Amino acid sequence: MRLPKLIFFLLLCGQIHCQITPQLGSRSIALGGTGLLHADVWSVYNNPGILGKLQKSSIGVTYQNRFSLQELSTQSIAYVQHTDNAGNFGMQFQHYGFHLYREFQAGLSYAKQLSNKFYGGFGLNWQNISLGENYGQKNFVSGSIGLAYILSQELSFGFRVQNLSRARLAEFEDERYPTRFALGVQYTFSPALLWNVELEKSILFPTNLKTGVEYLIQDVFAIRFGVNSAPFQSSFGFGLALKKMHFDMAANWHSQLGLSPAFGFLIDFGG
Amino acid sequence: MRTYVLIFFLFMTGSSFAQELTRDQIIEQRIEFIGDNFEDADIDLTTYFEELYQFFDTPINLNNATASELRQLRLLTDMQVLALVNYRERFGQMVSIYELNAVAGFDEELVEMLLPFVSVSPVVEDDFLRRNALKHGKHEIITRYERVLQEKQGYVDVPDSIKAEKPNNYYLGSPDNLYLRYRSTYKNRISWGVTTEKDAGEAMVRNDKFVGFDYYSAHLFLKDFWKFDKIALGDFQVNFGQGLTFWSGFGLGKTANISSANRYGTGLKPYTSVNESRFMRGVGVNLQRRHLDFTAFGSIRKIDANLYDVDSLNEVFQGGFSSFQITGYHRTPRELENKDAITEKLVGGEIAYKGKGLRIGFTSVYAQFSQPFDPVLTGYKQFNFQGNQLITSGINYRYYFRKMSWFGETAMSDNLKFATVNGLTWQLDPRLTLLSVYRNYDKAYQALYSTAFGETSNNRGEVGWYVGFNARIHKKVSVTTYFDQFKYTFYKWLTDDYSVGHEFFAQIDYKHTYKTSLYLRFRSKTTERNTQDEVFGAKFQVPLQKNSLRLNYTQIISGHWSMKTRFEWVNYKLDNLVSNGYLFFQDLIFKFNRIPLKIYGRYAIFDTESYDSRVYAYENDLWGVFSIPSYFYQGIRTYVMLKYDLGRKLDVWVRYDLWSYANRDEISSRLERIDGGEKSTIKIQLKIKL
């Protein structure tokens, strides 16, 4: 069962142009992969812009399983060191795949408040992709930038580009690692209800419209729902926010490939 | 009453944003606003921006500005100009610029926009002295260097012996683009200067001989001098009426600013641009006496053309030329051959009557070429001009009645074919303006310099009706929309039948505060073109549709930061051929506090299925350079520009830009070809004020 599904996934991948690197963190996953304006530890990767808004140091861990296949799982860990005057420093590690296809990345980010309600940051990623036993591996470095602007209590705007310089994977056919350009807004109806809408464009892939809604049923318990347009996926999840700890569960549902569950937690320090 | 109004507005200005936005930012915004209205990479607006900067340096005094001067700002509608003149007549001279708020049809936003270009000061007697002109004139030198960093095919280094075999496969000069300009102005009374340029690929040294720049232009322009109102010597521009008879500049048509459908022929103007094809070289004078406005000009200029070979063997002298060359490039032996191949002589002028609310002008222009223009006239070109002389004459008018302004022009070429364009601007309400233009151009109407409103570039074989509205629905919301329906009365390029078309445009502007603004623009244009199918005989027509949707968000964040974000989708349909294009970009501008440095940056990603679904976007560029490139294929686009003001005397610009395409192993073709998927350009400019 497992192997045919894996093959099916790899075949479908070519047709629907699935993007391997999603947003990190179970909260973002539950919200349809939106999260350009979540000022949490995952912003280290998701948007170094909003990272500048984070007011405390924090650490987070997530495990995601693609389509319930053990081989296609992502493990990630991120850490942010908040400073009062010098901005926020972050780092993250991600691992994806299995012995035939493996992606590993380590990144550093820096962000700070640029002006009143305006935040900006950048990240540097080192990535390693290794294919099979005989195909060898490739190391490359990519840069990312992000911005976030809090227009009002209700509305904020975010922008992020990952892999600014179109890092080259192979000379053959000039193969490049995908550059991802994303724009997003967050609308806060009330402290308990927020709505994310984001557009993501990768040069060779269709525009992905992503949206997600988060509702705090109770002070500590939130439910989330999201949709992605390309590839079409729905997602849902919930989160438990204790004093300094947050637990989040999420799942993506692709109609052919099935469920991709994820869970994780994060711990805040200080603040 | 007036005093109260004045006091009120003087107080009000304390809260206005004029203090927060610098004059520089306002002029930049203005350029950007205009740039975003165009979707055409080739438009040359240098002259307009020169004027704008001119007004910026020497603001128009509202107390003695004439209606035509006010219109040159291109910020005011007919009605607003009229209201201002009436206000002045009724209340006398203005005391403060903020009094404008009390003039009918002016609102705060418009006043803010006008501020950098106008002033209010008591009208003093003419203090013009020739001595002052030399002593107090403003002198400006601009030098610019530009180069594409990748090697193009035309610059490949090969031995001369190989070059000699195919000399036209290589450029003669270096890939550097050089530009040098000197201009001196005294108020708006005197302007003189020299402009020179060498395009990339043009040689400064040919056959071991120094030949210098490829293009030189010089002008001397005097206003209110001796008995004349305007005198132009050297290079200048002439624009009359609606541009049907004669308009040497560029004409704007259907843009997001509906009033651009209404032209104001301003007569003589100095010329300082580097567009090598559309200007006059000679003498022009303008006289204004009471109700009479008289302009005459003469121009003799060598222009580029494709000459026919002279068959010397059979001693048959055919002569003549087959086409005009308007690119201005002289980079290969073949292009050089065409340089200055024929002489164009132009004589023309306008006599106009100016009354209260009425102006009628009679224009006529005679053109003569040193050799006959003898193009192959078949198919859709059948009625084009040929021969070596042409007379085109016309009548233009402008008439104000209540809240209406009627304008138009009717012209006739010497083959007795007519063309007419007539329009109306009607301010139905202070918040609603209507503009309508009807044009009917005969298929055989001929004019060498016509750029009147319409679809066809030469104003020929077209009937159409345009209606546009601009409505300010709310303090924060305005809507612009137009509809244009047209039909062609003859064949066109790739159109073997009489075809029809229409265009629809709508834009909603939302200005949350002066810092936050948003617009949504939709444009849809349908024309007809030959079917792509293999058909025996004449091809039937299929619809060609181009739709585009743009969402633009501009945000001024603080005194330092501002940004702009855009999403645009273009959809192109020809028969069953469909292609889509997408563009996303993020702009960020940062202004330093301590040092006079400003940094502009853009990061864009684009994905268009073909060249047909390309997307246009305005880019920040060097002072005096105006760029609206088209984004096509797939890739990223980025640029960074630094502007450093070294005191009042020296401004420096440095700009680096990059196109990085995906799935392309070459860019452009033939001599312009670049191997690889990247193209980057570096530009450096110095502006020195003396």
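The values are calculated or read from the model by the stated rules, or taken from the named source; none is laboratory data. Keep in mind that this is a model prediction, so the values were computed, not measured. We place every Cβ from the backbone using ideal geometry, glycine too, and count neighbours over all the protein chains shown.
Summary table below
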| quantity | calculated |
| --- | --- |
| Cβ-Cβ under 7 Å pairs, at least 6 apart or on other chains, the range B:547-560 side more than 7 Å from chain A (Cβ to nearest Cβ), far side not polar (S, T, N, Q) and not in a strand (DSSP E or B) | B:556/B:515 |
| Any chance residue B:565 is in contact with a Ser or Thr (Cβ under 9 Å, 6 or more places away or on another chain), within 11 Å of chain A (Cβ to nearest Cβ), part of a strand (DSSP E or B) and not acidic (Asp, Glu) | yes |
| Count - residues of the range A:124-161 that are basic (Lys, Arg) and over 15 Å from residue A:107 (Cβ atoms) | 1 |
| Answer residue from the range B:659-690, given it is among the aliphatic types (A, V, I, L, M) and outside any strand (DSSP E or B) and is farthest from residue A:169 (Cα to Cα) among those | B:690 |
| Qualifying position, being of a type in the set (Val, Ile, Thr), assigned to a strand (DSSP E or B) and crowded, with 18+ Cβ neighbours inside 10 Å, among A:213, A:197 | A:213 |
| Of the criteria (1) away from chain A (no Cβ under 11 Å); (2) at pLDDT 95 or above; (3) within 25 Å of residue B:654 (Cβ to Cβ), which one residue B:597 fails | (2) |
| Checklist (1) closer than 30 Å to residue B:377 by Cα; (2) crowded, with 20+ Cβ neighbours inside 10 Å applied to residue B:329, failing item | (2) |
| Scope the range B:445-455; condition under 19 Å from residue B:256 (Cα atoms) and either surrounded by fewer than 23 Cβ atoms within 10 Å (Cβ to Cβ) or at pLDDT 95 or above (or both); matching residues | B:455 |
| Scan of the range A:176-191 for residues that are touching a Gly at 6+ places or on another chain (Cβ under 9 Å) and either surrounded by fewer than 18 Cβ atoms within 10 Å (Cβ to Cβ) or more than 11 Å from every other protein chain (Cβ to nearest Cβ) (or both), ordered by number | A:186 |
| Hits in the range A:147-170 (condition: among the charged types (D, E, K, R) and away from chain B (no Cβ under 11 Å)) | A:154 |
| Residues that are at pLDDT 90 or above and of a type in the set (Asp, Glu), drawn from the range A:129-185 | A:154 |
| Boolean, residue B:535 is assigned to a strand (DSSP E or B), more than 11 Å from every other protein chain (Cβ to nearest Cβ), out of contact with any strand residue (DSSP E or B) (no Cβ under 6 Å at 6 or more places or on another chain) and farther than 30 Å from residue B:650 by Cβ | no |
| Members of the range B:179-198 found to be within 13 Å of residue B:687 (Cβ to Cβ) and either surrounded by fewer than 18 Cβ atoms within 10 Å (Cβ to Cβ) or aromatic (Phe, Trp, Tyr) (or both), listed by number | B:179, B:180, B:182 |
| Strands (runs of 3 or more DSSP E) wholly inside the range A:86-146 that include at least 1 residues being within 14 Å of another protein chain (Cβ to nearest Cβ) | A:101-115, A:118-131 |
| Which numbered condition residue B:249 misses (of (1) crowded, with 22+ Cβ neighbours inside 10 Å; (2) more than 30 Å from residue B:507 (Cβ to Cβ)) | (2) |
| For residue B:62: the one exception among (1) farther than 29 Å from residue B:507 by Cα; (2) at pLDDT below 65 | (2) |
| Failed criterion for residue A:173 (all others in (1) away from chain B (no Cβ under 14 Å); (2) of a type outside the set (Lys, Arg); (3) more than 21 Å from residue A:90 (Cβ to Cβ) hold) | (1) |
| Number of positions in the range B:650-686 that are within 14 Å of another protein chain (Cβ to nearest Cβ), among the hydroxyl-bearing types (Ser, Thr, Tyr) and either without any contact (Cβ under 8 Å) to a residue 40 or more places away in the chain or over 12 Å from residue B:152 (Cα atoms) (or both) | 3 |
| Tally, over the range B:478-511, of residues that are under 30 Å from residue B:109 (Cα atoms) and among the β-branched types (Val, Ile, Thr) | 4 |
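For (1) more than 20 Å from residue A:200 (Cα to Cα); (2) touching a helix residue (DSSP H, G or I) at 6+ places or on another chain (Cβ under 7 Å), each residue gets a yes or a no:
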position	(1), (2)
A:108	yes, no
A:114	yes, no
A:130	yes, no
A:141	yes, no
A:148	no, yes
A:167	no, no
A:173	yes, no
A:181	no, no
A:190	yes, no
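Conditions (1) surrounded by 21 or more Cβ atoms within 10 Å (Cβ to Cβ); (2) on the phi > 0 side of the Ramachandran plot; (3) in a strand (DSSP E or B), marked per residue:
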position: B:579; (1), (2), (3): no, no, yes
position: B:586; (1), (2), (3): yes, no, yes
position: B:601; (1), (2), (3): no, no, yes
position: B:606; (1), (2), (3): yes, no, yes
position: B:612; (1), (2), (3): no, no, no
position: B:640; (1), (2), (3): no, no, yes
